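A.B. asks: Handing you this structure, nothing more for now.
Rule-based calculations on the coordinates, nothing more; no lab input. Since the structure is predicted, the reported quantities are computational estimates derived from the model, not experimental observations. Backbone-built Cβ (ideal geometry, glycine too); neighbour counts: all protein chains shown.
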Amino acid sequence: MRCRILLALREAPAHPADLADALDISRTRLSNHLACLRDCGLVVAVPVGRRTRYELADECLGRALDDLRTAVVDVEADRTCPDADQKGCC
């Protein structure tokens, strides 16, 4: 779930209620995940009036997420493991 939150925030900063709706999870569960991500320094809470908006802590994190998605897609498409048929690993 935390990966999905990070990817959603990669697209645009969001308020918790909007994130919960978009990701189809409870606000309580989302709040717990956001607290963890905030404590890890991956997201920041930005006060906007009486509400709080969340965004990635650094734009470099967004680029790293993009790079990771690209690497995963490349590996999935490549499947060069010589033992894949026997081991079912790839």
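A.B. asks: Give me the pairs: first residue in segment 29-54 and within 14 Å of Ala14 (Cα to Cα), second residue part of a helix (DSSP H, G or I) and small (Gly, Ala, Ser), beta-carbon distance under 6 Å, and six or more apart or on different chains, which are they?
C.D. replies: Leu30/Ala20
A.B. asks: Given Leu30, Leu34, which one is touching a strand residue (DSSP E or B) at 6+ places or on another chain (Cβ under 8 Å) and surrounded by 16 or more Cβ atoms within 10 Å (Cβ to Cβ)? Spell out how you get there, then give the answer.
C.D. replies: Numbers: Leu30 fails: touching a strand residue (DSSP E or B) at 6+ places or on another chain (Cβ under 8 Å).
Of Leu30, Leu34, the one residue that is touching a strand residue (DSSP E or B) at 6+ places or on another chain (Cβ under 8 Å) and surrounded by 16 or more Cβ atoms within 10 Å (Cβ to Cβ) is Leu34.
A.B. asks: Which condition from (1) over 10 Å from the mean Cα position of the chain (by Cα); (2) surrounded by 12 or more Cβ atoms within 10 Å (Cβ to Cβ) is the one that Gly41 breaks?
C.D. replies: It is condition (2) that Gly41 fails.
A.B. asks: Further question: Output the residues belonging to segment 1-39 that are assigned to a helix (DSSP H, G or I) and either of a type in the set (S, T, N, Q) or in contact with a Pro (Cβ under 7 Å, 6 or more places away or on another chain) (or both).
C.D. replies: Narrowing segment 1-39 to residues assigned to a helix (DSSP H, G or I): 2-11, 16-23, 27-39.
Across segment 1-39, the qualifying residues are Arg27, Thr28, Leu30, Ser31, Asn32, Leu34.
A.B. asks: Here is a follow-up. Name the residues in segment 16-34 that are small (Gly, Ala, Ser) and under 15 Å from the mean Cα position of the chain (by Cα), would you? Full working, then the answer.
C.D. replies: First, pick out the residues of segment 16-34 that are small (Gly, Ala, Ser): 17, 20, 22, 26, 31.
Passing the criteria: Ala20, Ala22, Ser31.
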